[in-house]
Amino acid sequence: MSLSYTPATICAIATAPGRGGVGVIRVSGKDLLPFAAAVSGGKTPKPRYALYTDFVDAHGQPLDNGLLLYFPGPNSFTGEDVIELQGHGGPVVLKMLLARCVELGARLAEPGEFTKRAFLNDKLDLAQAESVADLIDASSETAAKSALKSLKGAFSKEIHVLVDELITLRMLVEATLDFPEEEIDFLKQADALGKLERLRGRLVQVQATAKQGAILREGMHVVLVGQPNVGKSSLMNALAGDDIAIVTDIAGTTRDTVREEIVIDGVPVHIIDTAGLRDTDDVVEKIGIERTWQAVERADLALVLADSRDGLTGEVQAILQRLPAALPRVHVFNKVDLSGEAPGLADEEGHPLVRLSARTHAGVDLLKAKLLEMIGYSGGDEGVFLARQRHLDAIRRAAEHLELAHADWEQVEIFAEELRMAQNALSEITGEFSADDLLGVIFSRFCIGK
């Protein structure tokens, strides 16, 4: 990489905070054999073999004992020498070992600095580096599998194929610029437009897969709104498969937002149960209603609940009118077990309508399927790699440049420039074309020790 950094020795606790059977401290830097000898009381570890040893202080007194592993660079995660001290997982012991590492010349690592060094040393590209954090943070089995595919290079491979095809097309176009009297005929004979169309088609496929991956990573935020006692808390419990929210026949039981993350077909769904919307003089309930509207503003989708025996009353219509116009919503007619209606799907004033019973769970699966449909998730993890919003933005910009290239292909200089811009946009995904400040933002969101 052309980017540079200060190659200081860094150290960090790599295991999660709290007590555990095993705690790991990771060290990365150059020429760490003397460091390993100092921390192990003069022993020399064999590369990639576990050495059982005491970890000692400056006076040779044991601080802890466990396994020391040594991975010489460049054949390590960071591309530098890496040492792992695997001792006991008590916070006090780990802090003592970490202080010993600092005493030996290491400094505390910044968030994501180990992975950043792996990127800077060409061990991972940027998309793979981001997938390390995504794998750690995965909130469903499907998301974890997709993050692992990205870590192993599935996403990067797709991007590299697109970039290679772009480079081939750019070479073809650039070759014509020295012969302006022949450039259009040459491009026609070389099927430049055909190559561009095939490239655009492939980009559309990658974009669709990346959108699925972004849904798996980000999930969706769903807010439940409606009048008191229409079954919002019961529906939340039915979706979660557990008694998360308190349910009573008393209107206004829920006075604050209740949040729960569930997984539907591998997709994380952040469900927010809210206070019932009505006119009230209760100070606490008023605060809950205010927070309801704040949750609505941040939601990706709203479930508007009504009692199936009443339908869309004037009060429910008032709630609908206050919802943001651009916010997707599903009308949910609950309590079909009391109204005698059958569970099912319909359309109500241009919005999906689901009839169900939160109490008996009849029709709840129909609602789950409709939620996934509305966010564009097609299900399954076959071929899906995890993607981030910045990846989607880069792909969208690349598609726009290719569209402009198609529109102006007879103006060869403009054609060439739009192809260059499309290549730069795609190269941002893997980090081949990135600014230092972008890297700082990305890696600062990693956990310490990774």
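Coordinate-derived values only; no laboratory data. This one's a predicted model, so the numbers in the text were calculated from it and none came from an experiment. Cβ: placed from backbone, ideal geometry, glycine included. Neighbour counts: every protein chain shown.
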Under Karplus coefficients 6.51, -1.76 and 1.60, residue-wise ³J(HN,Hα) of the range 384-398 in Hz, glycine/proline x: 8, 10, 5, 9, 10, 4, 5, 5, 4, 4, 5, 5, 4, 5, 4
Whole-angstrom gap from the range 111-141 to the range 400-415, using each part's C-alpha centre: 35
Mean Cβ neighbour count within 10 Å, used as a protection proxy, ranking 133-145, 226-238, 73-85 highest first: 226-238, 73-85, 133-145
Built amide H within the under 5 Å cut-off of Gly20, gap 5+: Gly89, Gly90
Trypsin sites (Lys or Arg not before Pro) lying in DSSP loop within the range 303-348, provided at most 15 other Cβ fall within 10 Å: Arg309
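Let a ≥ b ≥ c be the square roots of the eigenvalues of the Cα gyration tensor of the range 98-158; is it rounded (a/c under 1.5), or, if not, prolate (a/b larger than b/c) or oblate?
It is oblate, given that a/c is not under 1.5 and a/b is not larger than b/c.
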Amide H contacts under 5 Å for Asp57, placed H, 5+ residues apart: Leu63
Residues with amide H under 5 Å from that of His221, placed H, sequence gap 5 or more: His270, Asp300, Leu301
Vicinal HN-Hα couplings computed from phi for the range 17-28 (Karplus, 6.51 cos²θ - 1.76 cosθ + 1.60; Hz; Gly/Pro x): x, x, 8, x, x, 10, x, 10, 10, 10, 10, 9
Whole-Hz couplings from phi, Karplus 6.51/-1.76/1.60, listed for the range 78-92; x for Gly and Pro: 8, x, 10, 5, 10, 10, 10, 9, 9, x, 7, x, x, x, 5
